[in-house]
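Asker: This is the structure I want to talk about, given as structure tokens.
The values are calculated or read from the model by the stated rules, or taken from the named source; none is laboratory data. This one's a predicted model, so the numbers in the text were calculated from it and none came from an experiment. Reconstructed Cβ throughout: ideal geometry from the backbone, glycine too, with neighbour counts over all protein chains shown. Each accessible area value is taken on the protein alone, full model and side chains, heavy atoms only, with ligands, DNA and RNA left out. Shrake-Rupley method; radii C 1.70, N 1.55, O 1.52, S 1.80 Å.
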Amino acid sequence: MRLRTVTTAAAASLFAASSVSAEIRRENFQVTTDYGVQLAVREVSDTKAGGGKPPVILVHGARVPGIASFDLPVQGGSLAADLARAGHRVFVMDVRGYGGSSRAGQDGSADGDPLANSHEVMRDIGAVADAVERRAGNRQVALLGWATGGHWSGMYAALNPERVSHLVFYNSLYGGTRGHPLLGPDGENADPADRTRFNVAKFGAYRLNTAASLLPSWDRSIPIEHKADWRDPAVAEAYQEAALASDPTSAQRNPASFRAPSGAMEDSFYLASGRQLWDAAAITARVLIVRSANDFWSRQQDVTMLQRHLINAEDLRAITIRDATHYVHLDRSERGRAQFLAAVIEHLSQTTGGEVQQ
């Protein structure tokens, strides 16, 4: 492993130059896994961009699916388009149970064991990586995972190190340490009868989420009173609308709500309880760890443990974005988004030996 220092200003200038001629193209398609699960994927690309840069798969988190997380139709709301302007073919996926992907077990009562646990999501990421190889011709892919998406991406990269060239953990849990005030045994996610276990009775197989439920955690982490000075109201509204639109049944309930599998919350509970579900030592990719200082999901301990375990990574960098929220890629540019984007673009530009692709 080689630790390196990068200059985000250089990446920002490259991004600005490439965006002038950008013509963003979007194509939606389906991928079928070996187990017959249908996965929704959107490719976002710049038709005028040159080739040679790694294709990027964006992996959403525990609640909101891919398009709502990464490709909102408003200024400052599409990480996918920003990466496409930087020259990457970007693939926004929905893992099983989310968005336009198969929703087995979600048609009836929410009672039952949590759906879409990590071992199942590994098959989904693998199927999309295979599809990206067929479309882009690259055996290796870059993965960027937000929150639980980072946990899933890291687990996939550990199990399939030869398939992943670049990896970005973005506000992600890793596990191995206790003491999470929100997600672990001391929080509401624990079974009150046995706080070492996940509260299956509360979460069930899947959860219902309203548009209003998406903003309180975001609001609480914004360190100023006037939230619109930090987060564009148009982005917040688009985020809510896209989350509801991701579920074709959302309008059947009052208030409207979208379904999200509970498996991610169960796995996150155990990560926050001090357990590890995979070992980062197997990862050989170039790794960037990004944490927002005001994040409520990841902890500094997760970053420290990842750094300690990533002994075989091609190179490794960890950054903390000052005052930033869990949603920094959707916040205003001057509130951390520009720094986040520049760091990711420069990381994805690194090739073997630390060279930067122009």
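Asker: Return yes when D267 is buried (at least 21 other Cβ atoms within 10 Å of the Cβ), over 28 Å from R332 (Cα atoms) and either in contact with a Lys or Arg (Cβ under 7 Å, 6 or more places away or on another chain) or among the charged types (D, E, K, R) (or both) and no when it is not. Outline the logic, then answer.
Answerer: On the way: buried (at least 21 other Cβ atoms within 10 Å of the Cβ): yes; over 28 Å from R332 (Cα atoms): yes; either in contact with a Lys or Arg (Cβ under 7 Å, 6 or more places away or on another chain) or among the charged types (D, E, K, R) (or both): yes.
Yes; evaluated as a whole, the condition is true for this residue.
Asker: Here's a follow-up. Filter region 239-260 down to the residues that are closer than 21 Å to G112 by Cβ and within 17 Å of the chain's Cα centre (by Cα) and list them by number.
Answerer: A260
Asker: Considering each of G263, G274 in turn, give the residue that is at pLDDT below 95 and either under 18 Å from the mean Cα position of the chain (by Cα) or farther than 19 Å from L341 by Cβ (or both). Before the answer, list the steps.
Answerer: Numbers: G263 fails: at pLDDT below 95.
Sole residue among the options that is at pLDDT below 95 and either under 18 Å from the mean Cα position of the chain (by Cα) or farther than 19 Å from L341 by Cβ (or both): G274.
Asker: Search region 70-96 for residues being open to solvent by less than 10 Å² (accessible area, probe 1.4 Å) and of a type in the set (V, I, T), and hand back the single one that is nearest to A49 (Cα to Cα).
Answerer: Once the filter is applied, the top-ranked residue is V90.
Asker: Looking for whichever is crowded, with 23+ Cβ neighbours inside 10 Å and touching a Leu at 6+ places or on another chain (Cβ under 6 Å) here; the options are A272, A256. Which one fits? Before the answer, list the steps.
Answerer: Working: A256 fails: crowded, with 23+ Cβ neighbours inside 10 Å.
The conditions single out A272.
Asker: Got a number for residues in region 28-64 being among the aliphatic types (A, V, I, L, M), open to solvent by less than 20 Å² (accessible area, probe 1.4 Å) and more than 24 Å from R207 (Cα to Cα)?
Answerer: 4
Asker: Of all residues being under 19 Å from A147 (Cβ atoms) and assigned to a helix (DSSP H, G or I) in region 175-214, which is least open to solvent (accessible area, probe 1.4 Å)? Just the residue, please.
Answerer: L214
Asker: Please name all residue pairs, on different chains or six or more residues apart, with Cβ atoms under 7 Å, provided the first residue is in region 185-213 and is more than 19 Å from G175 (Cβ to Cβ) and among the small types (G, A, S) and the second residue is part of a helix (DSSP H, G or I) and open to solvent by less than 20 Å² (accessible area, probe 1.4 Å).
Answerer: Close Cβ pairs (under 7 Å, with a partner that is part of a helix (DSSP H, G or I) and open to solvent by less than 20 Å² (accessible area, probe 1.4 Å)) amount to A211/A243.
Asker: Mind listing just one residue for me: the one in region 278-319 that is touching a helix residue (DSSP H, G or I) at 6+ places or on another chain (Cβ under 7 Å) and either among the β-branched types (V, I, T) or at pLDDT below 95 (or both) and, of those, farthest from G61 (Cα to Cα)?
Answerer: Of everything passing the filter in region 278-319, I311 is farthest from G61 (Cα to Cα).
Asker: Still on this structure, I have one more. Can you report the number of residues in region 275-312 which are within 22 Å of P216 (Cα to Cα) and open to solvent by less than 20 Å² (accessible area, probe 1.4 Å)?
Answerer: As a first pass, look at region 275-312 and keep what is within 22 Å of P216 (Cα to Cα): 291-299.
Okay, now just the ones that are also open to solvent by less than 20 Å² (accessible area, probe 1.4 Å), so 292, 295, 298-299.
The total comes to 4.
Asker: Here is a follow-up. Do we find that S246 is touching a residue at least 40 places away in the same chain (Cβ under 8 Å), under 26 Å from G336 (Cβ atoms), open to solvent by 20 Å² or more (accessible area, probe 1.4 Å) and touching a strand residue (DSSP E or B) at 6+ places or on another chain (Cβ under 7 Å) in this structure? Please lay out each step first, then the result.
Answerer: Numbers: touching a residue at least 40 places away in the same chain (Cβ under 8 Å): yes; under 26 Å from G336 (Cβ atoms): yes; open to solvent by 20 Å² or more (accessible area, probe 1.4 Å): yes; touching a strand residue (DSSP E or B) at 6+ places or on another chain (Cβ under 7 Å): yes.
So S246 fits the description; yes.
Asker: Filter region 163-172 down to the residues that are more than 10 Å from W146 (Cα to Cα) and either touching a helix residue (DSSP H, G or I) at 6+ places or on another chain (Cβ under 6 Å) or modelled with pLDDT under 95 (or both) and list them by number. So that I can check it myself, show each step before the final result.
Answerer: Of all residues in region 163-172, those more than 10 Å from W146 (Cα to Cα) come to 163-167.
Scanning region 163-172 gives R163, V164, H166, L167.
Asker: Tell me which of these A142 doesn't satisfy, since it passes every other one: (1) closer than 22 Å to F198 by Cα; (2) small (G, A, S); (3) open to solvent by less than 10 Å² (accessible area, probe 1.4 Å).
Answerer: With respect to (1) closer than 22 Å to F198 by Cα; (2) small (G, A, S); (3) open to solvent by less than 10 Å² (accessible area, probe 1.4 Å), A142 is out only on (1).
Asker: Quick one: L316 ticks every box in (1) aliphatic (A, V, I, L, M); (2) out of contact with any Phe, Trp or Tyr (no Cβ under 9 Å at 6 or more places or on another chain); (3) open to solvent by 10 Å² or more (accessible area, probe 1.4 Å) except a single one, so which number is it?
Answerer: (3)
Asker: Return the pairs, sorted by first residue and then second, in which the second residue is surrounded by fewer than 19 Cβ atoms within 10 Å (Cβ to Cβ) and among the charged types (D, E, K, R), the first residue lies in region 306-317 and is under 14 Å from A157 (Cα atoms), the beta carbons are less than 7 Å apart, and the residues are 6+ apart or on different chains.
Answerer: H309/D279
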